[in-house]
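In what follows, a structure is listed as structure tokens, so that the remarks can point back to it.
The values are calculated or read from the model by the stated rules, or taken from the named source; none is laboratory data. Being a predicted model, the structure only gives us computed values, none of them experimental. No Cβ is skipped: glycine too gets one built from the backbone with ideal geometry, and neighbour counts run over all protein chains shown. In case anyone asks, the SASA skips ligands and DNA or RNA and just uses the protein heavy atoms, side chains included. Shrake-Rupley method; radii C 1.70, N 1.55, O 1.52, S 1.80 Å.
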Amino acid sequence: MIFLGQISGQPSKPKNDQVIALSGKVVDAEEAIPLEFATIRVFSSEDSSVVGGELTNKAGEFLIKLGRGNYYLIINYLGYADKIVGDIDLNSGKNKKDLGAISMEKSVVEVDEVEISAEKSQVEFKLDKRVYNVGKDVTAMGSTADELLQNLPSVEVDGEGNVSLRGSQNVRILINGKPSGLLTGGPDALRLLQGNLIEKIEIITNPSAKYDAEGEVGIINIVLKKDRTKGLNGSFTVNAGYPQNFGGSANVNLRKKWLNLFLNAGVNYRNAPGRAFFTQSNSFADTSFSSITDRQFTRGGITPSVRFGSEFFINKNNTITLAGNARFRSGENITTIKYTDFDEDEVQTSITERVSTETESQNTFGLDANYTRTFKQKGRKWTADFNWDRTDDQEFSAVAQALLEGQGDDPVDQQIANIEDRETFLLQTDYIHPLKRKFKFEGGGRASYRTFDNDYRVESFIGGEWVPDEEFFNRFLYLEGIYAGYAILSQEKEKLSYQLGLRLEHTDIVTESEMTGERNPRNYTNLFPSAGISYKVKPSTTVQFSYSRRISRPSAWSLQPFRNFADARNTYEGNPFLDPEFTQSFELGMLDYQKKGSFLFSVYYRYRTNVIERITVFENDRARIFPINLSTQNAFGLETNVTRDLFPWWKLSANANFSRAITSGVYEDSTFFADTYILIGRANSRWSAKKLGVVQATFSYRSPRITPQGRSRAIYALDLGFNRDILKGKGSLNFNVRDVFNSRKYRSVVEGPGFERTLLYQRRLRQYTLSFNYLLNQDRKKGRRGGRRPGGNYGGNDFGY
């Protein structure tokens, strides 16, 4: 151990026969949550001199070696009142003394007659993960999951809803540490997940062998709310916004001695406008032409959802958790597309309008079960989990296309049916067994089975009857089985900790196309090693190196062999012959924890093979977009995260990720190459005063980048929020503006032989939201909010090393 007392003079070291091991555990007074990085200082009762000190570990525990004598402790932790533990007598014959659990109260201080209430940080940085506490973000009220992700360090959500981490879309997204039916349905799934259900979001950039090997750049884990506070408590929220955004939610918890019941229910109605603008020019040997596509759309609908569950505390060693969720979506989406065509002399030749009206309904159901068994031996634990999800999705569209001016395409009347059924089963077990000399063994297994059944049909009204369009008429079936086992051995010493892990995964995938009769089975078995080593340079500073091998399997959407018909001139189709990507990931990081903030610095390198890229080709005047295993990629980067409490009422956090990615590949005798530098940054400033409220500003920026077929332009956005407590702290009003300058627009250029295509896409316009929140049997000043919970296995797994 390194004594903090060495900073303020050198205390004499006790002789071996006089060494006493003083230990204890520091926890939150309200919820008994362990407090990591609490500062322990030891003073001599005789002269009040500093004789030693330490920081608590992840479990809130500390161990300090002292000589015989009388002492007292002063414990400091950011946002909590200092704790004094006196009358510590180490003169007895025993060589160790355990102080047990030491509770700390959250602090309330006065600054210029303005009361400031301490609370949990909005963003917490650790070596193995970053944690975003949703309830502390005043710009998050009334948001959906994809909007919340835009506030995370190094995370982006593009115009189509695709999520990227450190510049890559190959990131695994989980709910409560597991795959979930709430995330099925492509990029739009996150748009349907209401933020009121979410407690926190974790980013894990180099997970250990315990977790899925899926995801090139790591894991984003969405933790849903589940409280364990004793008695009846809860929170209720209503919100209204413009463009149309109305909703309400209730989070209620009832805890008895042996039973904990929780309920999260909500309903949300949105009618969100968006727009896209394409310009396209083609120059071939025999002809040249260009066009402008102007797409205006609204996505509207109502989404009620509910999540409920219970925990049964059979005894101190056995707990059973049962939970279920349901979500029902119904809506109408209207898209109006106007095509303006020009000849080689840039003279307008025609204007065509295409209007699509889509009605959709989606029902999602899920069940979860967990059994946790602990033992007398400290740290020994066995868990078993079962998960089932099913989603039924139906979309019906009526399409009318008409020529408004000039000569061009014939009028079209079409109807489209898109019916999808998705189902997932998962079984998982994990075991942890501490060994001698501070070694620890972990092992477990997982089996998951997933089905995806998509029936897509297009019919055209010809000659007075509806005629099937064979080019857009197919049923696609996707079957996936993944079976995995892992083993991890680790050791944690005073300064040095390390971990070695190995995961085995067998993948069995079958795709079938009813139209072509094609059946494409794929199966492969892979080993995924992981390693991590950390060294405590001093109590507040730790350095860690980690390595993992990962896989990115093509999604069911990427494997569908037929085209999407939403835009007749810009179609997307899958590729049933895609192979998985593989990534070797290395990362070196340093975390310096200070009393008024923290500093995290990381450098990383990734090597990818079989990289899946979207390619755009033109057939006549139609753009066809499809994925292929194009290339290899080398990516280098560095990331910094800083948090700082400048004053008790002013908190700052900032993140910057700078990387370089070199991508190269060949497709049909054409070489694709990109060497790009990327900067992703985010800064957050939060001003808090009890009598005035909380003001928060978040600014995000992403630099331009080069792609294998073109480039994308820079994007920036500013979000503002204001929160004020009312009703003696039982209620609060929140007002926020997302994208103040209406600048969150995605702009790109795609180039190829004989064509150039530019795109401007704005998925959502500037949003204003006003909300009211009310607490039941909770004290806002003490930071007790619905959904916060003290760890545990179910619903809040501890990732990393």
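Data overview
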| item | result |
| --- | --- |
| Test: residue in the stretch 268-277 that is over 26 Å from the mean Cα position of the chain (by Cα), of a type in the set (Gly, Ala, Ser) and either farther than 18 Å from residue 193 by Cα or open to solvent by less than 60 Å² (accessible area, probe 1.4 Å) (or both) | yes |
| Selected residue [surrounded by fewer than 20 Cβ atoms within 10 Å (Cβ to Cβ), in a strand (DSSP E or B) and touching a Pro at 6+ places or on another chain (Cβ under 9 Å)] from 614, 624 | 614 |
| Residue in the stretch 504-532 that is farthest from the chain's Cα centre (by Cα), counting only those that are among the hydrophobic types (A, V, I, L, M, F, W, C) and surrounded by fewer than 18 Cβ atoms within 10 Å (Cβ to Cβ) | 515 |
| Cross-chain or 6+ apart pairs with Cβ under 8 Å, the stretch 711-733 first and free of Cβ contacts under 8 Å to residues at least 60 places away in the same chain, then open to solvent by 70 Å² or more (accessible area, probe 1.4 Å) and part of a helix (DSSP H, G or I) | 729/781 |
| One residue from 390, 437 being in contact with a helix residue (DSSP H, G or I) (Cβ under 8 Å, 6 or more places away or on another chain), open to solvent by 30 Å² or more (accessible area, probe 1.4 Å) and more than 30 Å from residue 337 (Cα to Cα) | 390 |
| The stretch 627-642, subset open to solvent by less than 40 Å² (accessible area, probe 1.4 Å) and among the β-branched types (Val, Ile, Thr), residue farthest from residue 570 (Cα to Cα) | 640 |
| Residues that are in a strand (DSSP E or B), surrounded by fewer than 18 Cβ atoms within 10 Å (Cβ to Cβ) and of a type outside the set (Val, Ile, Thr), drawn from the stretch 314-341 | 315, 318, 322, 324, 326, 328, 330, 332, 338 |
| Residue among 640, 609, 616, 571 that alone is modelled with pLDDT of 90 or more and more than 30 Å from residue 39 (Cβ to Cβ) | 609 |
| Selected residue [open to solvent by less than 20 Å² (accessible area, probe 1.4 Å) and either outside any helix (DSSP H, G or I) or at pLDDT 80 or above (or both)] from 222, 173 | 222 |
| Residue that is modelled with the highest pLDDT, among those in the stretch 548-561 that are more than 21 Å from the chain's Cα centre (by Cα) and either in a loop (DSSP other than H, G, I, E, B) or among the aromatic types (Phe, Trp, Tyr) (or both) | 560 |
| In the stretch 352-378, residue farthest from residue 297 (Cα to Cα) [restricted to those that are open to solvent by 40 Å² or more (accessible area, probe 1.4 Å) and under 28 Å from the mean Cα position of the chain (by Cα)] | 371 |
| Residues satisfying the stated conditions in the stretch 766-785, i.e. within 23 Å of the chain's Cα centre (by Cα), open to solvent by less than 60 Å² (accessible area, probe 1.4 Å) and modelled with pLDDT of 90 or more | 767, 769 |
| Scan of the stretch 80-91 for residues that are open to solvent by 50 Å² or more (accessible area, probe 1.4 Å) and either part of a strand (DSSP E or B) or within 16 Å of residue 45 (Cα to Cα) (or both), ordered by number | 83, 84, 87, 89, 91 |
| Looking only at the stretch 470-503, and only at residues there that are more than 26 Å from the chain's Cα centre (by Cα) and under 30 Å from residue 414 (Cβ atoms), the one that is surrounded by the most Cβ atoms within 10 Å (Cβ to Cβ) | 476 |
| Residue selected from the stretch 92-123 under the condition surrounded by 19 or more Cβ atoms within 10 Å (Cβ to Cβ) and not hydrophobic (A, V, I, L, M, F, W, C), by the criterion modelled with the lowest pLDDT | 117 |
| Members of the stretch 64-91 that are hydrophobic (A, V, I, L, M, F, W, C), over 28 Å from residue 645 (Cα atoms) and touching a residue at least 60 places away in the same chain (Cβ under 8 Å) | 64, 88, 90 |
